Amino acid sequence: MKTKLILNLWILLLFGLHSSFAKELMVLRWAADAESNAPYIFQDPKIPSNIIGFEVDIVNAIAQYLGVETQFVQNQWDGLIPGLYRGDYDIAINGLEITEDRKKEVNFTNPYYITHEQLVVLKGVDYIHSLSDLVGRKVGALKNSLAERILRAKGGINVLTYEGEVNAFVDMKNGRIEAVLVDAPIAIYYTAVNPEFVMVGQPIGEISYGIALRKQDTTLLAKLNWALDKLQKSGKLREILEEWNLWNFMMEKYLNDYSESNVPPKKYQYFLESVSKKSEFSERINLYIKFLPIFLKAALITLGLSILAMIVAIAFGLIIALARIYGGKLISPLAVAYIEIIRGTPLLIQLYLIFYALPSIGIKLSPFLAAIVGLGLNYAAYEAEVYRSGFFAIPRGQMEAAISLGMTKAQAVWHIILPQAIRIVIPPVTNDFISLLKDSSLVSVITMIELTKVYNQIASTYYDYLGTGIITAILYLLLGLPFIRIARYFERRLSIERRETAKLEGKIV
Amino acid sequence: MEILKVEALNKRFGEYQVLKNINFSVNKGELISIIGRSGCGKTTLLRCINCLETFDSGYLRVSDIEIDKRNGQKQNNNGNQDFETKAQKIRRKVGMLFQSLNLFPHLTVLENITLAPIVVKKEPKEKAIQEALILLEKVGLKGYENRYPYQLSGGQSQRVAIARSLAMNPEIMLYDEPTSALDPELVGEVLNVMIDLHKEGMTQIVVTHAMNFAKTASNLVVYMESGEIIEIGTPQKIFESPNDPRTEAYVRLFKE
């Protein structure tokens, strides 16, 4: 009886704390990548702090049926499924195709949207109309997408894969590829805004999007399917899709609803209006001014995150350095191993491990904390080596003099070696801080929304990578500038002191 | 009264035997000069006495603390721990001055002197400062307490270093070529401090190349060659009529 109770507690600890039955009645926490572009989930071009998209409308409709609040959780698209098992959110909805592979990891609801792949070429290209026309040509597709699988299955096509569709389209414009095969919604929206591209040929393949959730949340699955069913039968789903200009012949068949369309595609129109008029210079400036508060907020997050991570790096790096120098045969190799492992593996992998792997052994850090710990522990390895060089710059006689005065080694390090070493390492440590500031952009992979993430979100909404890119670069520069000045100041002071010492040693005889 | 005893002390650096069967003792209040060519082991001997170096076999007693390695095999797992504890105690009784100027550059003269009494002896700061000021006056540097080491000459640095050692009330002072880094005209001011200390009854051992000082100021002179003590005697004996031809060959170098 007692053991069973303990077992149950364990199961609760491992899986239960964030599973549906604890939270379902209050808040439906749903995750998506707000960088995933129109029409899925993206920032409202007119009010950038709002997240809109047809999937947002679907989630809200479902929540209404279930009588719960919704809470949006930002996550990198690649991390949407691992994040489910971290327990940061309960469902993921973001153009996730229902595939056999994914079904092994998560449960999917019934499809909320069925669509196809669509060929897109440059306007004026008249020799591509079907898959067969692609043989022997270079064609772009999104990585791990149905489109990629279709192209590879066809054979004889030179397939290039991309992280984001914008990259594929830009490559086509630059002549590196001749066609792009993407999910139809992407094609519809991208060609509408960028008239130099056109959709060609018949629909290819079939792709169903479903809502993903944890395997164990079967009650929630049933509820979601119930709500989806209501959504379909009430005509609400069709209305949403029509508003977004996404209603298609496949959905007609799926819902067995062949009636005439009567809802104007107003949200599609709204998007086109707000995005396509971007050529006017003054309007663009107005747009940037509107973005500024969002950029500044993100810059503050980047700065705060970096400062806290650097504090971790400085403190922990010192411990590692001391362990390496004074640790003896037992501890010193451990410190060396830490430094080599951390420096020899990518920060990105370390962040993934901390964020997605540690929860499986019971350590679950919030994104902010995980970012600080990840960056901090990584930079600690570098700081340890900086300290070590600082320590070695102190003449051996200093330690001997201190020990001859009866101090223990620890007292000597604390009172004599450390204060001198710190002054030597201030400039290099400050320089490291500036590079940490820039490396902090990597933490967007663990759901942190910082400066680079905001840049990607806004840039992908407006297909404007240049203007927003310059704003972002300037902000990074401004964040780093004060610290560059600090490093210079200490460098100069140190060199003046050394020069004076040399002068006096020569002068006073 | 015998305050330091070294018996059958041996030390190797790998294959190279730096100290061979060293035997000598020092009475309280004596000033001993150790002379000899560079590399003869005199600095290593001094560092062994201060436990900055370990030795392989032999016996060392400073005041009432002994390190006994005469029956070679005594080293067990606690050997190192044991040595460190005793070394710590010995260092509390022995002050040491090095050839290189190694005041702590980030501290003022006063802080240099008061740090060890405050940290090691847990003396109240006020008391440590009072004593430090007295010591500064003694080494002729009254009024220098707020200077930083880089504002001192070499001779002044070594005098502050002596004061810094004296602040720990050592029973013995060791000097490892205290004046060889100094310009010739600064040598005197350091040696004079040592002569003053001798008058006050401080036990001192000096490794030196200043032959005139060894000759005129010390009670005993030790001549070392190739890791061995060749001869111990009064300055008169060593410099005028040494027993060993090797001693004679060495002191003759300074006669011209």
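The values are calculated or read from the model by the stated rules, or taken from the named source; none is laboratory data. Fair warning: this is a prediction, and the values are worked out from it, not measured in the lab. Reconstructed Cβ throughout: ideal geometry from the backbone, glycine too, with neighbour counts over all protein chains shown.
If a residue must be among the charged types (D, E, K, R) and at pLDDT below 90, how many such residues does region B:13-36 contain? Even if it seems obvious, please write down each step before you answer.
Kept after step one, since they are among the charged types (D, E, K, R), are these residues of region B:13-36: B:15, B:20, B:28, B:30.
Among the residues that remain, those that are also at pLDDT below 90 are: B:15.
Residues that pass the stated criteria total 1.
Given the criterion closer than 30 Å to A:Y288 by Cα, surrounded by fewer than 17 Cβ atoms within 10 Å (Cβ to Cβ) and not assigned by TED's automatic domain parsing to the domain that holds A:I47, identify the matching residue among A:L466, A:L437. Break it down into steps so the answer makes sense when it comes.
Values: A:L437 fails: surrounded by fewer than 17 Cβ atoms within 10 Å (Cβ to Cβ).
Going through A:L466, A:L437 in turn, just one is closer than 30 Å to A:Y288 by Cα, surrounded by fewer than 17 Cβ atoms within 10 Å (Cβ to Cβ) and not assigned by TED's automatic domain parsing to the domain that holds A:I47: A:L466.
When you check A:N431 against the structure, is it more than 14 Å from chain B (Cβ to nearest Cβ), more than 30 Å from B:L101 (Cβ to Cβ) and surrounded by 17 or more Cβ atoms within 10 Å (Cβ to Cβ), yes or no? Show your work before the answer.
Values: more than 14 Å from chain B (Cβ to nearest Cβ): yes; more than 30 Å from B:L101 (Cβ to Cβ): yes; surrounded by 17 or more Cβ atoms within 10 Å (Cβ to Cβ): no.
It is false that A:N431 is more than 14 Å from chain B (Cβ to nearest Cβ), more than 30 Å from B:L101 (Cβ to Cβ) and surrounded by 17 or more Cβ atoms within 10 Å (Cβ to Cβ).
Between A:P346, A:P333, A:P359, which is surrounded by 18 or more Cβ atoms within 10 Å (Cβ to Cβ), assigned by TED's automatic domain parsing to the domain that holds A:I426 and not acidic (D, E)?
On the way: A:P346 fails: surrounded by 18 or more Cβ atoms within 10 Å (Cβ to Cβ); A:P333 fails: surrounded by 18 or more Cβ atoms within 10 Å (Cβ to Cβ).
The match here is A:P359.
Mind listing whichever residues of region B:204-244 are polar (S, T, N, Q), under 17 Å from B:E30 (Cβ atoms) and free of Cβ contacts under 8 Å to residues at least 60 places away in the same chain?
If the condition is that a residue be polar (S, T, N, Q), under 17 Å from B:E30 (Cβ atoms) and free of Cβ contacts under 8 Å to residues at least 60 places away in the same chain, then B:T216, B:T234, B:Q236 are the ones that fit.
Among the candidates B:L141, B:L115, B:L135, B:L110, single out the residue that is crowded, with 18+ Cβ neighbours inside 10 Å and at the interface with chain A (Cβ under 9 Å from one of its Cβ atoms). So that I can check it myself, show each step before the final result.
Working: B:L141 fails: at the interface with chain A (Cβ under 9 Å from one of its Cβ atoms); B:L135 fails: at the interface with chain A (Cβ under 9 Å from one of its Cβ atoms); B:L110 fails: at the interface with chain A (Cβ under 9 Å from one of its Cβ atoms).
Unique residue meeting the criteria: B:L115.
Checking A:N378 against (1) within 14 Å of chain B (Cβ to nearest Cβ); (2) touching a residue at least 60 places away in the same chain (Cβ under 8 Å), which single condition isn't satisfied?
Here A:N378 clears every test but (1).
With the requirement that a residue be of a type outside the set (S, T, N, Q), more than 16 Å from B:K199 (Cβ to Cβ) and surrounded by fewer than 20 Cβ atoms within 10 Å (Cβ to Cβ), what does region B:27-45 give you?
Answer for region B:27-45, where residues must be of a type outside the set (S, T, N, Q), more than 16 Å from B:K199 (Cβ to Cβ) and surrounded by fewer than 20 Cβ atoms within 10 Å (Cβ to Cβ): B:R37, B:G39.
So that you can scan it fast, the table gives a plain yes or no per residue for (1) at pLDDT below 90; (2) buried (at least 16 other Cβ atoms within 10 Å of the Cβ); (3) among the aliphatic types (A, V, I, L, M):
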{"site": "A:L292", "(1), (2), (3)": "yes, no, yes"}
{"site": "A:A299", "(1), (2), (3)": "no, yes, yes"}
{"site": "A:G304", "(1), (2), (3)": "no, no, no"}
{"site": "A:E340", "(1), (2), (3)": "no, no, no"}
{"site": "A:L369", "(1), (2), (3)": "no, no, yes"}
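How do the strands (runs of 3 or more DSSP E) wholly within region B:1-107 filter down when requiring 2 or more residues that are among the polar types (S, T, N, Q): which remain?
Here the list reads B:16-27.
Looking at A:T191, A:T161, which is the one that is surrounded by fewer than 20 Cβ atoms within 10 Å (Cβ to Cβ), in a strand (DSSP E or B) and either among the hydroxyl-bearing types (S, T, Y) or in the same structural domain as A:P265 (by TED's automatic domain parsing) (or both)? Let's see the steps before the verdict.
On the way: A:T191 fails: in a strand (DSSP E or B).
None of the other options fit; the residue is A:T161.
When you go through A:Y268, A:Y258, A:Y254 one by one, which is the residue that is aromatic (F, W, Y) and loosely packed, with under 14 Cβ neighbours inside 10 Å? Break it down stepwise before answering.
Working: A:Y268 fails: loosely packed, with under 14 Cβ neighbours inside 10 Å; A:Y254 fails: loosely packed, with under 14 Cβ neighbours inside 10 Å.
Exactly one residue qualifies, and that residue is A:Y258.
Give the residue that is farthest from the other protein chains (Cβ to nearest Cβ), with candidates limited to residues of region B:118-128 that are among the aliphatic types (A, V, I, L, M) and not in a loop (DSSP other than H, G, I, E, B).
Kept after step one, since they are among the aliphatic types (A, V, I, L, M), are these residues of region B:118-128: B:118-120, B:128.
With not in a loop (DSSP other than H, G, I, E, B) added as a condition, the list becomes B:118-119, B:128.
Details: B:I118: 10, B:V119: 5, B:A128: 13 Å.
Only one residue fits best here, namely B:A128.
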